[in-house]
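The values are calculated or read from the model by the stated rules, or taken from the named source; none is laboratory data. Note that the structure is a prediction, hence the values are computed from the model and not measured. Positions of Cβ are backbone-derived with ideal geometry, glycine not excepted, and every protein chain shown enters the neighbour counts. SASA here: full protein model, heavy atoms, side chains in, ligands and nucleic acids out. Shrake-Rupley method; radii C 1.70, N 1.55, O 1.52, S 1.80 Å.
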Amino acid sequence: MDLFQYRDGQLFCEDVSLDALAGEVGTPTYVYSRQTFETHYDKIARAFEAVDPLICYSIKSCGNVHLIKLLADRGAGMDVVSGGEIHRAKLGGADMSKIVYAGVGKTDEEIRLGLDEGIGWFNIESEAEFENIASIARSMGKTTHGALRVNPDVADPNTHAKTTTGKKETKFGVDIDRARQFFAHYGKDEHCRLTGIHLHIGSPIYSAEPYVLAIRKALELIDELRGQGYTIDTLDIGGGYAADYETGKSPDYAQYAADIVPLVAGKDLKIILEPGRTIAGNAGILLTRVLYVKLGGRKKFVIVDTGMHQLIRPAMYDAFHFMWPTNVAPDHLPDKRIAEMPNPGLDLVDVVGPICETGDILAKARKLPPVARGDLLAIHTAGAYGMCMASNYNAMPRPAEVLIEGDQWRLIRRRETYDDLTAAEVL
Ligand code: LLP
């Protein structure tokens, strides 16, 4: 579900015409629908409400402070992975006690920041890291909570190799055997109290099954640890819930919840979820303008004013992003967003960016309505891992970000300038 819909052949976000918007703010621009973003959060909260979860929005998926604020105002916690994300969470008005902090390489400075800010949980990734957090907390006279990240050795076969994390051979967390020893060594520490178990098996995960397998293993471990006298009051089941890159491809929240909730209900555990993509993904598009149409051999290239520097997912993960012109004739209206569009009269093209790399491809061998210089394309499901992974490669300023609220829009990040590119350089 999202609010990027055609009216009389023109694409709107909520009640704002994207052609009109592009006329005012230019392109490329990330455009977010407030209502879609909030509705996704509300839906996941409702689906899991039987276990009264703490939903920690994964800031890494889309971290604009204005978006963080929308969810913080709804009572969401935040999932962070760096000092920079703690800073963003704070600016967005998040409740620090609802923050979970993961990541295998937390620096001393970041750990001190987390302790100073009184974040809720450190998700612990290794023995060495635990010792460091506990010793920094001790030296600061602080106490914090730790959730041990356990690697349950399950994976979704549909998850890309670069984003699967649940298998034994990843850098994340510790396996179940090591988890037992972990508690034996550190389970009674006074400064970092190990009271939680954390799971995150990958992203995106296209069914509830891998979660179920992972949670079962975690619950067995929790029973065992409780039997040995450890207090385990929190189970963080991570993120990774899918977003519809193609219409109807991902399960809805209720389908995940139907399998997960009965497993964890009544276990006297605080349940934490860390969704990112499923909230932000379809709440945002990347609006781009066609610069040139070019024939190369038997191929037709549509060259646009954005590329791998601003949406790296196709180049990095061979990810599919549906894209379509913002202005279309009636027989080209897309009633679904799928890879193989059935409409008549489509062109077969590669949509590419301006970056000086052959891999700068946004869509390969894609069927699109014929486009010409100046036309606008909307690249869908770009809200998650879009802007946050954008770079200044080839000295390209990063796009503007706009938030749509009904028939209003507001700039939530201005377009970068050439001066921004050199601002941090000591000239
Ligand atoms: N929790 C942890 C510990 C994570 O590592 C992640 C994502 C999440 C939560 C949120 O996952 P989500 O609900 O957004 O799927 N850049 C890649 C995705 C990398 C995901 C990294 N971790 C992409 O564009 O597909």
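A339: within 15 Å of the ligand (Cβ to nearest atom), open to solvent by 20 Å² or more (accessible area, probe 1.4 Å) and outside any strand (DSSP E or B), yes or no? It is false that A339 is within 15 Å of the ligand (Cβ to nearest atom), open to solvent by 20 Å² or more (accessible area, probe 1.4 Å) and outside any strand (DSSP E or B). A count restricted to region 121-135 and to residues that are free of Cβ contacts under 8 Å to residues at least 60 places away in the same chain, open to solvent by less than 10 Å² (accessible area, probe 1.4 Å) and either among the aliphatic types (A, V, I, L, M) or closer than 14 Å to R193 by Cβ (or both) stands at 2. Residue under question is I124, and the condition is that it be within 16 Å of the ligand (Cβ to nearest atom), under 21 Å from L403 (Cβ atoms) and touching a strand residue (DSSP E or B) at 6+ places or on another chain (Cβ under 8 Å); does it hold? No. Just one of the listed residues (G105, G77) is open to solvent by less than 10 Å² (accessible area, probe 1.4 Å), of a type outside the set (A, V, I, L, M) and under 21 Å from the mean Cα position of the chain (by Cα), and it is G77.
Of the residues L70, L91, L11, L54, only one is more than 16 Å from the ligand (Cβ to nearest atom), assigned by TED's automatic domain parsing to the domain that holds P204 and open to solvent by less than 20 Å² (accessible area, probe 1.4 Å); which?
Working: L91 fails: open to solvent by less than 20 Å² (accessible area, probe 1.4 Å); L11 fails: assigned by TED's automatic domain parsing to the domain that holds P204; L54 fails: more than 16 Å from the ligand (Cβ to nearest atom).
Residue meeting the stated conditions: L70.
Among the residues making up region 284-335, those that are of a type in the set (A, V, I, L, M) and part of a helix (DSSP H, G or I) are A315, M316.
Quickly run through region 255-281 and pick out the residues that are open to solvent by 60 Å² or more (accessible area, probe 1.4 Å) and either near the ligand (Cβ under 9 Å from one of its atoms) or over 29 Å from G63 (Cβ atoms) (or both).
Taking region 255-281 as the starting set, the residues that turn out to be open to solvent by 60 Å² or more (accessible area, probe 1.4 Å) are 255, 258-259, 262, 266-268, 270.
Matches in region 255-281: A258, D259, P262, G266, K267, D268.
Within region 59-86, if we keep just the residues that are free of Cβ contacts under 8 Å to residues at least 40 places away in the same chain and in a loop (DSSP other than H, G, I, E, B), the residue that is farthest from T39 (Cα to Cα) turns out to be S82.
Selection within region 222-250: residues that are assigned to a strand (DSSP E or B) and either more than 17 Å from N151 (Cβ to Cβ) or of a type in the set (G, A, S) (or both). The member of this set that is farthest from the ligand (Cβ to nearest atom) is T234.
The number of residues in region 111-125 that are out of contact with any Asp or Glu (no Cβ under 8 Å at 6 or more places or on another chain) and either more than 20 Å from I55 (Cβ to Cβ) or not in a loop (DSSP other than H, G, I, E, B) (or both) comes to 10.
Quick check on this structure: which one of T170, T195 is surrounded by fewer than 19 Cβ atoms within 10 Å (Cβ to Cβ), part of a strand (DSSP E or B), at negative phi and touching a strand residue (DSSP E or B) at 6+ places or on another chain (Cβ under 9 Å)? Checking each option against the conditions leaves just T195. If the condition is being over 23 Å from R415 (Cα atoms) and of a type in the set (F, W, Y), then region 288-316 contributes only F301.
Grab the strands (runs of 3 or more DSSP E) fully contained in region 352-427, keeping just those with 2 or more residues being farther than 19 Å from C62 by Cβ and modelled with pLDDT of 95 or more. Full working, then the answer.
Details: elements: 361-368, 376-379, 400-405, 408-413.
Result: 361-368, 376-379.
Criterion applied to K299, K294 was being open to solvent by 30 Å² or more (accessible area, probe 1.4 Å), in contact with an Asp or Glu (Cβ under 9 Å, 6 or more places away or on another chain), away from the ligand (no atom under 15 Å from the Cβ) and farther than 30 Å from S33 by Cα, and the one residue passing it is K299. You will find that of I379, I355, the residue that is in contact (Cβ under 8 Å) with a residue 60 or more places away in the chain and of a type in the set (A, V, I, L, M, F, W, C) is I379 and no other. Looking at G114, G118, can you tell me which residue is within 16 Å of the ligand (Cβ to nearest atom) and free of Cβ contacts under 8 Å to residues at least 40 places away in the same chain? Every option except G114 fails the conditions.
One residue stands out in region 140-167 among those that are more than 14 Å from the ligand (Cβ to nearest atom) and at pLDDT 90 or above: the one that is surrounded by the most Cβ atoms within 10 Å (Cβ to Cβ), namely G146. Sub-8 Å Cβ pairs linking a first residue in region 31-56 that is touching a residue at least 40 places away in the same chain (Cβ under 8 Å) to a second residue that is among the basic types (K, R) and open to solvent by 20 Å² or more (accessible area, probe 1.4 Å), at least 6 apart or interchain, are Y41/R74; L54/K98; L54/K270; C56/K98, ordered by first then second residue.
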